[in-house]
């Protein structure tokens, strides 16, 4: 009896099972790949921001990248830190727009050739208009060489203009006309045109462009950026705490600035 | 048999493309790729207006396309003829889009992103794989 059943069973169910598996297996693989793909996307979305200097959208609170900061990354109310206490000092005097005693001190590390920096420029201008004397904006040179071929020349042009007291005029022109000059082969005549436009002494501008002072200022700002673990541009610190990159939109940045001003008001 | 292996190879290639596209999508969504870094190219390409189609990151569209290619190639490897029929136009469309994206990087944006180039290489390999699979005998 046993011999009969064992002789008959395998041919009856085995082909059916194989056929069924052949039909079902690809769909099982597809579902497994879909699960792995979605899982890895979720994991990467969470891990990439926390492993770099940019904080993820789950944590809409600025955090400090400086080792001098005592506040933990997960803290919901990080203590404001003055930028002067953190990292390398950078070029002195820095380019500051607004009073040095303003309750909100914003420091941007920028590259004039970087498109996101160009897009961030009008947002910062809007913040300057809205907050007036309550916000001080400091610009730090962070030319990404060799990624951006004209970034160093643009930084030099801005610094050379700064030596004649017209840093912000050149800064604005470089950002506003970024798309015009970044595709040029030789940017020197273009920048000289800007220098002429803002009324610089052209001979002095040319001398300063190639001078040691300008080169040193750029290097000192770069050193400060590296000491604060700046990896890309624009990187923005507000009262010493890094603002997450995805929070650099006007509506979110406004909230952060206002919060710093409110905090300073309460402490008085 | 040979055709089955070609479709299996296409499925594996699509997995590589999927991994690349998922990475780029995450970079885009988290804002990493939009920030300029010391590595040239990607920030220029991924922050350009061509990186988003109707509000959706192009990398996400690419991930969906690679996942579809993987599904169809796998089903084709298991003998589903309809899947093999659908796979060819999809891969041809992806091949043409890749050509267009390379043109944009070379002549419009003037910057190359290595992850985009890797994706294009995968698509070209898929294109060859699928075309050869259509020409060879199934057994």
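Here, each number is a calculation from the coordinates, and none is a lab measurement. Just so you know, these numbers come straight off a predicted model, no measurement behind them. Positions of Cβ are generated from backbone atoms using ideal geometry, with glycine treated the same way; all protein chains shown enter the neighbour counts.
To one decimal place, what orientation-averaged projected area in nm² is obtained for the convex hull of the Cα set of chain B?
8.0
Let's test the formula: R0 of 56 Å, r as the Cβ-Cβ distance of residue A:204 and residue B:88. What FRET efficiency results, to the nearest 0.05?
Efficiency for this residue pair is about 0.25.
For q values of 0.16 Å⁻¹, compute log₁₀ I(q)/I(0) with the Debye formula on a Cα-only model of the stretch A:79-185, without solvent.
Cα-only, vacuum Debye calculation for the stretch A:79-185: -0.74.
Take residue A:46 and residue B:112, extend 7 Å from each Cα along the Cα→Cβ direction, and tell me the distance between the two endpoints in nm.
Reported label-point gap for residue A:46 and residue B:112 is 3.7 nm.
Exposure proxy check: A:208, A:186 ranked by fewest other beta carbons within 10 Å?
Fewest-to-most Cβ neighbours within 10 Å comes out as A:186, A:208.
Which translational diffusion coefficient, to the nearest whole µm²/s, is obtained for the stretch A:197-239 from the Stokes-Einstein equation, given a Kirkwood hydrodynamic radius over C-alpha pairs, 10 °C and 1.306 mPa s? List each step's numbers first, then the result.
Values: Rh = 12.6 Å.
Using the Kirkwood radius from Cα pairs, D works out to 126 µm²/s.
Between the stretch A:158-220 and the stretch B:70-139, what's the alpha-carbon centroid distance in Å?
After rounding, the separation between the Cα centres reads 47 Å.
Let me confirm one metric for peptide A:138-150, namely the mean number of other chain beta-carbon atoms within 10 Å of its residues' beta-carbons.
So the per-residue partner count for this stretch is 2.
If you stretched the chain out fully between residue A:29 and residue A:258, how much longer would it get, using 0.36 nm times the residue separation minus the C-alpha to C-alpha distance?
Roughly 77.3 nm would be gained on extension.
Could the peptides A:195-205, A:253-263, B:123-133 be put in order, highest first, of the mean number of other beta-carbon atoms found within 10 Å of their residues?
B:123-133, A:253-263, A:195-205
What does the average come to when, for each residue of peptide B:73-86, you count the partner chain Cβ atoms lying within 10 Å of its Cβ?
Mean inter-chain Cβ contacts per residue within 10 Å come to 2.
Taking the square root of 5 times each eigenvalue of the Cα gyration tensor, what semi-axes in Å does the equivalent ellipsoid of the stretch B:84-125 have, largest first?
With the √(5λ) rule applied to the stretch B:84-125, the semi-axes are 23, 11, 5 Å.
Once you put a point 7 Å from the Cα of residue B:132 and another 7 Å from the Cα of residue B:99, both along the Cβ direction, what distance in nm separates them?
2.0
If you count, for every residue in A:24-33, the Cβ atoms of partner chains within 10 Å of its Cβ, what is the mean? Kindly include the intermediate steps, with their values, before the conclusion.
Numbers: counts 1, 2, 11, 4, 0, 6, 7, 0, 0, 8.
Mean inter-chain Cβ contacts per residue within 10 Å come to 4.
Roughly what percent of Cα-Cα pairs across the stretch A:144-228 reach past 20 Å?
30
Neighbouring Cβ atoms within 10 Å as the yardstick, rank A:227, B:47 fewest first.
Final ranking by Cβ density, sparse to dense: A:227, B:47.
Can you give me the angle between helix B:81-103 and the longest principal axis of chain B, using Cα atoms only, in degrees from 0 to 90, rounded to the nearest 10?
For B:81-103 against chain B, the angle is about 30 degrees.
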